[in-house]
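First the structure, in the form of structure tokens, and then the observations on it.
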Amino acid sequence: MLPKRKLDELLPVRFRNGEQVKQFSKPCVRCGNMLQARDMEGAARLVEDHLAIAATARCPKCGDTFGIACVVDNTKRVRRVIIPSWAFGLYLRNLPTQAGELNPASAPEPRPQAGADEAPVPQPAARIEHRNVQRAEELVGRYGDKPIPAWVVVDGAQLNFERVELGDRVAPGEFLLDGCLVYRAA
Ligand SMILES: [Zn+2]
């Protein structure tokens, strides 16, 4: 597992589209003082096209500490993650390390577009979509702007919400909804 680090040591992070997250700030939940990345300790990792952040923030003004769990997309929109920041942090720090990730300052430049005379890069096989998905009206929370249905019925079988999945790792028997919500049979 990766050790916890100050977030200012983990930034900047560059997305594949060239956008960079250089700073991350958040108001103190108690006194409203604006905290910076140096006041936060935890994990900030690029997961596909999202920067996932799980950290503990400590306000230098009032001394309050609070958890932060959120995801920044490649247009720098920040979304809250509904699972507790400590659980999200454990998950992030346990993700396998990607090349170049540990040292963001020396991360390689985005790859140039392939020339027209080069063979096309094979695309990963498309995920098989289930035909018939029915969503529960009952919600267990939200992930960013996505409501999380408590359960879904997939081809006649009811599956309950299991977790938010950012790494696209879905076990057999699990169903991935909207690319990030995992459901499985009770
Ligand atoms: Zn404060």
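The values are calculated or read from the model by the stated rules, or taken from the named source; none is laboratory data. If you're wondering where the values come from, they're calculated on a predicted model, not measured in any experiment. Methodologically, a virtual Cβ is constructed for each residue, glycine included, from the backbone with ideal geometry; neighbour enumeration extends over all protein chains shown.
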If a residue must be in contact with a helix residue (DSSP H, G or I) (Cβ under 9 Å, 6 or more places away or on another chain) and in contact (Cβ under 8 Å) with a residue 40 or more places away in the chain, how many such residues does segment 4-23 contain?
7
Go through (1) part of a loop (DSSP other than H, G, I, E, B); (2) more than 16 Å from the ligand (Cβ to nearest atom); (3) more than 21 Å from residue 87 (Cβ to Cβ) one by one and return the number of the condition residue 1 breaks.
(3)
I'd like the full set of residues that are of a type in the set (D, E, K, R) and either more than 13 Å from the chain's Cα centre (by Cα) or in a loop (DSSP other than H, G, I, E, B) (or both), limited to segment 150-174.
155, 162, 165, 168, 169, 174
Output the number of residues of segment 50-63 satisfying the condition of being more than 17 Å from residue 179 (Cβ to Cβ) and surrounded by 15 or more Cβ atoms within 10 Å (Cβ to Cβ).
7
Where a residue in segment 31-43 is assigned by TED's automatic domain parsing to the domain that holds residue 66 and surrounded by fewer than 22 Cβ atoms within 10 Å (Cβ to Cβ) and its partner, wherever it lies, is among the aliphatic types (A, V, I, L, M) and not in a strand (DSSP E or B), with Cβ under 9 Å and at least six apart
36/7; 38/7; 41/7
